[in-house]
Each structure stands twice: as C-alpha cells, then as structure tokens.
1. Just name the residue that is nearest to ligand 1 (Cβ to nearest atom) out of those in segment A:335-381 that are closer than 16 Å to residue A:313 by Cα and of a type in the set (Gly, Ala, Ser).
2. Can you tell which of A:101, A:59, A:121 is β-branched (Val, Ile, Thr) and surrounded by 22 or more Cβ atoms within 10 Å (Cβ to Cβ)?
3. Give the residue that is nearest to the chain's Cα centre (by Cα), with candidates limited to residues of segment A:526-562 that are among the charged types (D, E, K, R) and within 24 Å of residue A:301 (Cα to Cα).
4. Taking the stated definitions as given, is residue A:243 away from ligand 1 (no atom under 16 Å from the Cβ) and under 18 Å from residue A:153 (Cβ atoms)?
5. If the requirement is being within 16 Å of ligand 2 (Cβ to nearest atom), within 22 Å of the chain's Cα centre (by Cα), more than 14 Å from chain B (Cβ to nearest Cβ) and surrounded by fewer than 17 Cβ atoms within 10 Å (Cβ to Cβ), which of these qualifies: A:312, A:337, A:403?
6. Could you check how many residues of segment A:266-276 are in contact with a Leu (Cβ under 8 Å, 6 or more places away or on another chain) and open to solvent by 10 Å² or more (accessible area, probe 1.4 Å)?
7. Suppose we filter B:67, B:50 for residues that are in contact with a Leu (Cβ under 7 Å, 6 or more places away or on another chain) and either more than 14 Å from chain A (Cβ to nearest Cβ) or polar (S, T, N, Q) (or both); which single one remains?
8. In this structure, is residue A:304 open to solvent by 10 Å² or more (accessible area, probe 1.4 Å) and away from ligand 2 (no atom under 16 Å from the Cβ)?
Amino acid sequence: MAEHAAEHALDDHGGGHDDHHDVSFFHKYLWSTDHKMIAKQYMFTGMGMAVIGAFMAYVFRMQLAFPGSEVPGFGAVSPGTYNALVTNHGTIMIFWVAMPVLIAGFGNLLIPLMVGADDMVFPRLNRLSYQIFLVSAVVIIYSLFVQGGGFGGAWTAYPPLSAKAEYNLTPQGASLWVIAVGLEFVAFLMGGINFITTAMNSRAPGMKAFDVPIVIWFLVIASILFMASVGPLIAGAVMLLFDQNLGTGFFDPNQGGDPVLWQHLFWFFGHPEVYVVLLPAMGITADVMCVFARKKMFAQKIVIYTAIATGVLSFFVWAHHQFISGIDPRMANVFTVTTVLISIPIAEMCFVYIATLYGGSIRLTTPMLWALAFVAEFLIGGVTGIFLGASGTDIYFHDTYFVLAHFHYTFFPIAIIGTLAGITYWFPKMFGRMMDETLGKIHFWGTIIPFNMTFIPLFFLGAAGQHRRIYDYSNFPELAVPWMQNLRILATVSLIVMLVFQVVFLFNFIKSALSGPKASKNPWQATTLEWTTATAEPGHGNWPPDAMPNCYRGPYEYANPGREDDFWPQDEPPADTEEQA
Amino acid sequence: MALFLGAEAMLFAGLISAFQIVKNGVTGGLWPPPGQPRLPVLETAINTSALMASGVVLFLAWKAFKADGAMAAKGKLLATIVLGGFFVLFQGWEWVQLLGQGLTIRSSQMGGFFYLMVGTHALHAVGALYGLIVAYRRLLEGNLTREVFATVALFWYFVVGVWPVLYWQVYL
Ligand code: HEM
Ligand SMILES: [Cu+2]
C-alpha cells in the first residue's frame, strides 16, 4: 500500500493512502474511514436533525401564540403531542445537533488536519462511531411514530413520570428515547477515544503542547469531560430502562426507590455536558477571531489553563439544577458557591477574547461576524445564569421562561452561532470552494436580529411568572393577559422570520459547494496546518506521504514585526539567521 | 483502552453511589430489607479468591510472555481462563440459588441493585474472558502480539480490580 500511495502522491487528491481509486459511491460516501468524510456525515446528519428540531419549535411556538388553532404544515396540536414535541426538540437539539456537529463534526474535521496527521488513530472505530450514531438518530425519530406517541417527559426525563408507563402513557416512546440516547453515548465514547489519542499521539514533528491551536485543545478537553461524566448517566439509563420494562423500582418511591437519585445521575452528566458543547464553540471562535483580527491570541496559555480549570469545576456544580427538588439547603449553599465560582473563568475567557480583538486590524468577514456574535450573545446567557445559580433567586425563577430564555442564550450561540462561524470559516477546506459573502451577511443579520426578538420577550414572560412546558396558557387567567399573549406572538413571528432566513443559508451552502469560486490553498491567510495541504480540499491522507508538515512555531503568529507577510505559517521552516539579517 | 476503562470506572462509580444513596435513605435503616435472603458472604469470598488468583496468574503469564516468549505464557494464560471461567460459573450458580430463595430483581431495592451491579460486572467478566480466549487462540496459532495481550490483560485486570469493591459494597 505504501508504494501505491507514493505513486499517487502527486495526483490531484494530494493524498496518502488513497489506494482505492474506482471506489463506488457507497464506499466513498457511506463506508469511508476518511476523517473528513466522517466529519461531513456527522455535520449533514446534524443539520438534518436541526431542521427537524426547528420544525418542532415552529409547531409548538405556533400553538403557544395561537392556542388551539391548526398549525400550517402540521395540524392541531394535542397536549400529549405538545409534550412530545418539546421533549424531543430539546433532546434532538442537544444530543443530535450540538453534539454531532460541534464535537464529532468539527473534531473529526479539524483534529487530524490541525495537528498534521493523515487520519485518526483508529479510523474504523471512527466509522463505527458514525454508524451507531446514525442508528440512534433513526431510533429517536422512529420513537415519535410508535403507538402512544413520542416520549413527553421532558429532555431531563425525571422519574417517576419517565419510569412508569401508567404515568407517562408512552410505554414504547419512553423506552426508545432512552435507548436512542444510550446508543448515541456509545457512539461518542468511541469518537472521544479517537480524538484524545489522535491529538496526543499523532502531532506533526515539532508540535509542542502550546503549538496546538486552541480549538483542538478545547475539543480534547471537551472529549475528556464527556468521557468522565457519561458513565453514571449510562448507569442511570440502564436503571430507568429496567424500571420501565422489568418492573424494578430504582426511581419509584412506592417501591423504596429514590426519584431524586436520577436527577443526580442526570445532572452530574448534564452540567459538564454544557461545557462539552461550549468548549468547541469557544475554540472555534478563538481561532476565527485571531485570524480575522490578525493578532496573537491574548494570554493563550492562561486561556487553556482556564478551560481545564472550568472543566474540573464543572463536575461540582450539578445540583444547581435541583435547588427546589428538596435537597438539603446546606448543600444548596455549597452549589451556589461553586456555580458562582465557575462563572469567573468563563467571564475571564470572554474578556480575553475582547482583549484579543483590541488593537487588531479586524476584517469583518462572515465567519468573523458569527464569532463576534457568539461572544455578545453568549454573554447575555452567562449573565442571566448568575441569577439562576444563586439558590435564592432560583426559587422564584425555576422552571419559568426566564430559565428557558437563559439557556437558549447559551445553547443557541453554541449550537447555531458557533457552528456557523466554523462552517463558514472552514467551508473552503471542506469543499474547496468559497461561500458567497453577501448572502452570508444577509443570512447573518436575518438570523441574529430575529433570534434576539424571539428570546428577549421570553425573559420578560418568565420574570412575570410564565411557567415552562405548558400547553396552553388560556387556562391560567393571570398568564393569559393581553401583553403576555402579544409577546408570545412576537416571539413566534420572529422565529418564523428567522427560519425563513435559513433558506438563504441553505441556498448559499449548496450553491457554493457545487459551483462557488474555487478556493486558493490558504484563502484566509491563516497560519495553522490545515491550510498547508497540497490542494484546498485534500484527499484521503491529507498530505502526500513525503510532504507531511513539520511544525516550527505557535498557531497565532500574526503581524510579526520582523516579517513582511502579516502571518507566519506554522510549517514554514525558520529562515536562515544570516538571510534575515 | 485506558481511556475507555476510565469511562467504565465512572460507570461503576455511578452504580455504587446510586446504591449507597438508596441504601442509606431506607426508612428505619432496615438493610438488608426484611424478608429477603442474606447474600452468601462466605461462598462468595471463596469465589473472590479465585478471581484474585486469576489476576495474579495473568500477571505471571504476562511476565513470562515478555521474558521467554509466547509459549512460556501458555499454561498460565490457560490457568487464568480456567479460574475466570470458574468465577463466572460459580456466580451464575449463586444467582440460581438466590432466585430460588426469592431474591429477584423486582423483589426489593436490594434485589434490584444486586442483579444490576453484579450483573454489570458479570457482563464485563464474560467480555473480558472472551478476550482472554481470543488471546489464547492466537497464542496457539503463534500470532499473539504484545499489544493484543496487553489490551486484553488490562481489561481483565479491570474486572479483577472492580470486584473487591463490589464485594465489599454489596455483600459485606
Ligand atoms: C430554533 C430556535 C429555537 C426556538 C424558537 C426554541 C424554542 C423553545 C421553546 C419555546 C421551548 C420550551 C417549550 C415549553 O417549555 O413549553 C424550548 C425548549 C427547549 N429547547 Fe429550544 N428553541 C430553539 C432552539 C434550540 C436549540 C438550538 C437548543 C439546544 C442546542 C434548544 C434546546 C432546548 C431544550 C433543551 C429545551 C427544553 C426541553 C424540555 O423542556 O424538556 N433549543 N425551545
Ligand atoms: Cu448546570
């Protein structure tokens, strides 16, 4: 195989072990072990699931704005359907959109390319990971159509509601929901093993720890967090399945079980999970900002240490989700303190990002706009979170739309804005072509403005006492007053406007991928290794085997005073000292 | 493998802490629950020794493998498999006994956690035993590599290492 690869070293794929040229469609697109293809599979699946999740949001927002009316494209929404839609919207958006796109998609795409490796360490494990993930996606969608309908016990699946069919009335939907989530975890465990090993063992010669770009650091830290936190939840999921199907009572107080136990197992995973998706998005933002501010990352090492510290701390905050679950008030105090503590490193990171921008020569490209928007919007999410982390205020805010607006101001920037920064930035690497900037900017403003108009009203509704997961507020006279109903309609209309603007993105994406202008090797004049492949869109193997990159310096050498170019690629050998003088 | 076992360790940690929470939350501190059979502490202690011994023998096999090549490890690897197999079968026999005495997964929290935790361990033991058998077959065929041996052995050590903790938590 090695000789064969060498023969092809100079072909237009620029690839290494590209030993099957007449591969069938099936082998190329569905059975590939190439990390870039697997990345695309994850991203496309995630984008498909995002369309489903967004459609669900459209349906239940319509129900809230115009209760009882037929929703165009769906029909009337019954209370059970409403619950199933909300539950599966949340589950899908987090486990089948944020996770696959941010961790699996960008992890697969970027880790080998940015550390200068030809593929993941375990390519077949990688392929298996995607296949299991795909099965899990099919199961969760299938679960919506079984007898009794999809699971409606919320994405947190609190027992006893989730544990007993006589309460939730969705015997099959509830079990399929647990199975789907479990399969998805198995898939990401496999992916995580690959990410961590590849970043540790396959780095280009000369690449020291701090020469690794921030986004790779963050992806690896996120993978470690995931692997360390998911075990207890898998245990909990098995117990829940047993409760549902074997008649055990682990979570059923009637049988001596403890429902709050599930909450501990769930949130012990659930809170680190927030950082599992947050860190990749912050990493993408950091890299995009450095490129388009033409500056070094401010305090690069400190940012990395901070992220590690945040990761560790994130294991000690979980009970802030349970302040009103009857936990010991002394424990609530402890978790208030840890929660307020963890906001310090995150705030610090936001300041560091702003400091990175300071004095830069900023280029307002589409990816840069998304990166800037990420910091701005995420700040709103972070600041409102402090009220919820303090147990006193949370007693009032718990389970209101204030919480809902808060976490959408964190998740939407992560899953949508951060992702779009990454997709628009690495698009040339994925498809060898450029996206249209004008359409990109139209889509940007068409998303950001309606996004804020959708969720800012929800803060006010929540502060006025509007509870989450309610099918129809007409039954609550004090919540059905006109000003509240008008805000609900405003939020729904803004959502529809935002969804319409996504068509611009899809059009731009597909058209650019098929017929956009060809990208040059390094269209953004960046320094990191993924832009040093022989062609813009490298084949399997990334670099020709005789031209694997070496690494000579850190990832953010922009505007170096001693140089003519304002960027200094990581793989460029240091010039002879005499020549420089 | 080490990464995977880290995640596995958290799985067991989750199970054990869940068990502790329920056990300590029992009203009146009645544990084991009244009317439920006692777990066979002594028999299981014998069985535990068999498992521990298999770990030691495997370590010797590994040393022989490194020092004197595959064939030197043959007998010891086989002994590991026999001891491990004994453990799993004995454990299965114990389950049959307990089921006969009325301890089922539904009969009480104790039953539920017993079968859940010991069952999870048993699944791991069977999986790791299968790995050992594969390694043994490869050894006979003369193509057992060091990496494969090390991976399989690590998994078995994990099974051996987790058991005393479970024994202490569940039985004692
Ligand atoms: C496309 C724009 C979105 C809109 C308009 C939207 C709207 C909503 C609304 C109104 C609810 C609560 C319904 C209720 O409680 O009755 C909800 C729940 C939720 N959403 Fe979204 N959402 C959007 C995107 C996202 C994204 C991107 C994520 C995460 C990555 C997400 C995660 C969740 C979660 C976890 C829940 C909680 C579900 C539950 O209560 O079990 N959403 N969403
Ligand atoms: Cu949290």
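1. Per the criteria, the residue is A:343.
2. Working: A:59 fails: surrounded by 22 or more Cβ atoms within 10 Å (Cβ to Cβ); A:121 fails: surrounded by 22 or more Cβ atoms within 10 Å (Cβ to Cβ).
Exactly one residue qualifies, and that residue is A:101.
3. So, considering only residues that are among the charged types (D, E, K, R) and within 24 Å of residue A:301 (Cα to Cα), the one nearest to the chain's Cα centre (by Cα) is A:530.
4. Here the answer is yes, as residue A:243 does meet what is asked.
5. Among A:312, A:337, A:403, only A:312 is within 16 Å of ligand 2 (Cβ to nearest atom), within 22 Å of the chain's Cα centre (by Cα), more than 14 Å from chain B (Cβ to nearest Cβ) and surrounded by fewer than 17 Cβ atoms within 10 Å (Cβ to Cβ).
6. Selection size over segment A:266-276: 2.
7. After applying the criteria, what remains is B:50.
8. Working: open to solvent by 10 Å² or more (accessible area, probe 1.4 Å): no; away from ligand 2 (no atom under 16 Å from the Cβ): yes.
Spelling it out, it is not the case that residue A:304 is open to solvent by 10 Å² or more (accessible area, probe 1.4 Å) and away from ligand 2 (no atom under 16 Å from the Cβ).
The values are calculated or read from the model by the stated rules, or taken from the named source; none is laboratory data. These figures come from a predicted structure and were not determined experimentally. Ideal geometry is used to build each Cβ from the backbone, glycine not excepted, and the neighbour counts take in all protein chains shown. Ligands, DNA and RNA are stripped out before the accessible areas are found, and what is left, the full protein with its side chains, is counted by its heavy atoms. Shrake-Rupley method; radii C 1.70, N 1.55, O 1.52, S 1.80 Å.
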